[in-house]
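Structure record follows, encoded as structure tokens.
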Amino acid sequence: MPDFSAQTAATDAVEFKGRMLTLSVLKLNSADLNQTEPALAAKVQRAADFFRNMPVLLDVAVDGIDLPPLVEMLRRYGLVPVAVFQPSAAVATQAAQAGLGVINDPKAARKAEATVAESSAESASAQPITAAAPPAKAARNATKVVSDPVRSGQQVYARGGDLVVLGAVSPGAEVLADGNIHVYGALRGRALAGVQGDESARIFCRELSAELVSVAGCYKISEDINAKLAGRAAQIFLEGERLEIAPL
Amino acid sequence: MAKIIVVTSGKGGVGKTTTSASFATGLALRGHKTVVIDFDVGLRNLDLIMGCERRVVFDFVNVITKEANLKQALIKDKRIDNLYVLAASQTRDKDALSQAGVGRVLEELSEDFEYIICDSPAGIEKGALMAMYYADEAVVVTNPEVSSVRDSDRVLGILASKTQRAEKGERVKEHLVLTRYVPSRVAEGEMLSVEDVCEILAIDLLGVIPESEDVLNASNSGVPVVLNEESKPGLAYGDMVDRFLGEDRPHRFLEAEKKGFLNRLLGK
């Protein structure tokens, strides 16, 4: 490693920052690559664009997994494995060798810390403990804001949060979100909110000319959308099992 | 450094090659050293429209494969000083275009030219992707009908994601040229209007070229229509070039002409 100690370091050249992000977890229920590969192939094939270069956290739920061939297989399918979630000691060693990180559940870690703190407090007898609980931040997923028009053939997916499109969504384009979708231009393509099943998700748009709208899997195609609402500002939401479209 | 401009559309037959020829000719007429390259390997047409089909010895693919150098392959226009054509190969296919090869040729041309116009083939496959990859700006040619507009929209999406500039996080500057415009049919509601198309595509309008038999005549005789200053499309292409060079030109030929009594009587 080069010796930088003699140089005057510009300390602001790098910064470490903490950040709350959602990360997709790939749970492995089988250690047998012959089983996992076809299953993964089928999933990736359904939405190749979603999975391309998607960072994933591996959750190994089975024993006896061999990490290097698994990682190699995932990369072949365009996934980017970044770390292993709470691995066993053996898997953790393999992860370190494969250049993957190891992530442990912060809650579990906190619990462990707390027990340690308590027991040490007991031994130190009657020392007041200032419970250094980290400030409870509401887990909030970042909203994805798209300022360019979404063109025919493009697909935009806000994973784990809301999607805001400032321009138009063209015919043949698709916008998806795990949360709500807001479109400030004309909505002429497809909009699917709550794609992971959130039934409280809604779609809001300033000009409804969509080919298809869907909330948590319930959808309506343009033929079924009331002609009176066409071209108007509207919101789309689930009322029980029914997809409702109401003017704004 | 030359500015590289791709002329593209997605859909075929909308006027890419006509636009490339007139755009390049117009730039050269205004004193800018310009080369226009046919990327439609296997279906070469640009040489016909430019009227140099009898002078093609070496082509773009020969230069890429280093069978010929640029000097041998560049065809100098006989009418205009600053204008050169690089023809496509008719006997090869799009696989003859390699990204590195195209990049090398464009880089070499950049040293000598002010503008490089890349005439893209139709579609969104390899030939079209090669034509747009190195572009700084794009001229998207669209006809006023829904399928052409949708294809152009798709191409705009690809320009924003699959070009070298997009990979670097920069933008390719996009311009719209609306061709084969018939104001009388727009007035009748049979054709999309300029406003409709601009609203859907949401990019800067560089020119509107009216439908005219002069375009076909120009193609057949190998004279880019911009050189015919007595024709409406020729004038409209001239305006387009001026606008591209930053001059302020109002759009012409957008309104249906009112037929006079005598013309109506004679059925003209």
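The values are calculated or read from the model by the stated rules, or taken from the named source; none is laboratory data. Predicted, not measured: the structure shown is a model, and the values here were computed from it. So basically every Cβ, Gly included, is an ideal-geometry build from the backbone, and we count neighbours across all protein chains shown. What goes into the accessible areas is simple: the full protein's heavy atoms, side chains included, and nothing from ligands, DNA or RNA. Shrake-Rupley method; radii C 1.70, N 1.55, O 1.52, S 1.80 Å.
Could you list all residues from the stretch B:71-91 that are over 19 Å from the mean Cα position of the chain (by Cα) and buried (at least 18 other Cβ atoms within 10 Å of the Cβ)?
Once the filter is applied, which keeps residues that are over 19 Å from the mean Cα position of the chain (by Cα) and buried (at least 18 other Cβ atoms within 10 Å of the Cβ), the stretch B:71-91 yields only B:ALA73.
Of all helices (runs of 4 or more DSSP H) completely enclosed by the stretch B:11-74, which ones contain at least 3 residues that are at pLDDT 95 or above and of a type outside the set (A, V, I, L, M, F, W, C)? Spell out how you get there, then give the answer.
On the way: elements: B:16-29, B:46-50, B:60-64, B:70-73.
Answer list for the stretch B:11-74: B:16-29.
Can you tell me which residues in the stretch A:163-177 are open to solvent by 10 Å² or more (accessible area, probe 1.4 Å) and either within 14 Å of another protein chain (Cβ to nearest Cβ) or at pLDDT below 95 (or both)? Don't jump to the end; show me each part of the working.
Our first condition is that a residue be open to solvent by 10 Å² or more (accessible area, probe 1.4 Å); within the stretch A:163-177, this holds for A:164, A:166-168, A:171-172, A:174, A:176.
Answer for the stretch A:163-177, where residues must be open to solvent by 10 Å² or more (accessible area, probe 1.4 Å) and either within 14 Å of another protein chain (Cβ to nearest Cβ) or at pLDDT below 95 (or both): A:LEU166, A:GLY167, A:ALA168, A:PRO171, A:GLY172, A:GLU174.
I want to confirm something. Restricting to the stretch A:21-45 and keeping residues that are in a strand (DSSP E or B) and not aliphatic (A, V, I, L, M), which single residue is farthest from A:SER88 (Cα to Cα)? Don't jump to the end; show me each part of the working.
From the stretch A:21-45, those in a strand (DSSP E or B) are A:24-28; that's our starting set.
Filter again for not aliphatic (A, V, I, L, M), leaving A:24, A:27.
On the way: A:SER24: 20, A:LYS27: 15 Å.
Ranking the candidates gives A:SER24 first.
If you take the residues of the stretch B:105-145 that are free of Cβ contacts under 8 Å to residues at least 40 places away in the same chain and either part of a helix (DSSP H, G or I) or surrounded by 23 or more Cβ atoms within 10 Å (Cβ to Cβ) (or both), which of them is nearest to the other protein chains (Cβ to nearest Cβ)?
Checking each candidate, the answer is B:LEU129.
Within the stretch B:230-242, can one find any residue that is over 17 Å from B:GLY15 (Cβ atoms), in a helix (DSSP H, G or I) and at pLDDT 95 or above?
Here is the first cut: in the stretch B:230-242, the ones over 17 Å from B:GLY15 (Cβ atoms) are B:230, B:242.
With in a helix (DSSP H, G or I) added as a condition, the list becomes B:242.
Restricting the remaining residues to those that are at pLDDT 95 or above gives B:242.
The answer is yes, given that some residue of the stretch B:230-242 is over 17 Å from B:GLY15 (Cβ atoms), in a helix (DSSP H, G or I) and at pLDDT 95 or above.
State all residues of the stretch B:146-171 that are within 12 Å of another protein chain (Cβ to nearest Cβ), more than 18 Å from B:ALA122 (Cβ to Cβ) and in a loop (DSSP other than H, G, I, E, B); if no residue qualifies, say none.
Scanning the stretch B:146-171 gives B:ALA160, B:SER161, B:ARG171.
Between A:GLU199, A:GLU207, A:GLU244, A:GLU223, which is in a loop (DSSP other than H, G, I, E, B), charged (D, E, K, R) and at negative phi? Walk me through it before giving the result.
Values: A:GLU207 fails: in a loop (DSSP other than H, G, I, E, B); A:GLU244 fails: in a loop (DSSP other than H, G, I, E, B); A:GLU223 fails: in a loop (DSSP other than H, G, I, E, B).
Criteria check complete, one pass: A:GLU199.
Please go through the stretch B:79-97 and give me each residue that is outside any loop (DSSP other than H, G, I, E, B) and charged (D, E, K, R), ordered by number. It would help to see each step written out before you state the result.
Here is the first cut: in the stretch B:79-97, the ones outside any loop (DSSP other than H, G, I, E, B) are B:83-86, B:94-96.
Passing the criteria: B:LYS94, B:ASP95.
Yes/no matrix, rows are residues, columns are (1) more than 14 Å from chain B (Cβ to nearest Cβ); (2) closer than 30 Å to A:ARG52 by Cα; (3) surrounded by fewer than 22 Cβ atoms within 10 Å (Cβ to Cβ):
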residue	(1), (2), (3)
A:ARG151	no, yes, no
A:LEU212	yes, yes, yes
A:ILE225	yes, no, yes
A:ARG232	yes, no, yes
A:GLU244	yes, no, yes
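Does the stretch B:185-197 contain any residue that is in a helix (DSSP H, G or I), touching a strand residue (DSSP E or B) at 6+ places or on another chain (Cβ under 9 Å) and either among the small types (Gly, Ala, Ser) or at pLDDT 95 or above (or both)?
yes
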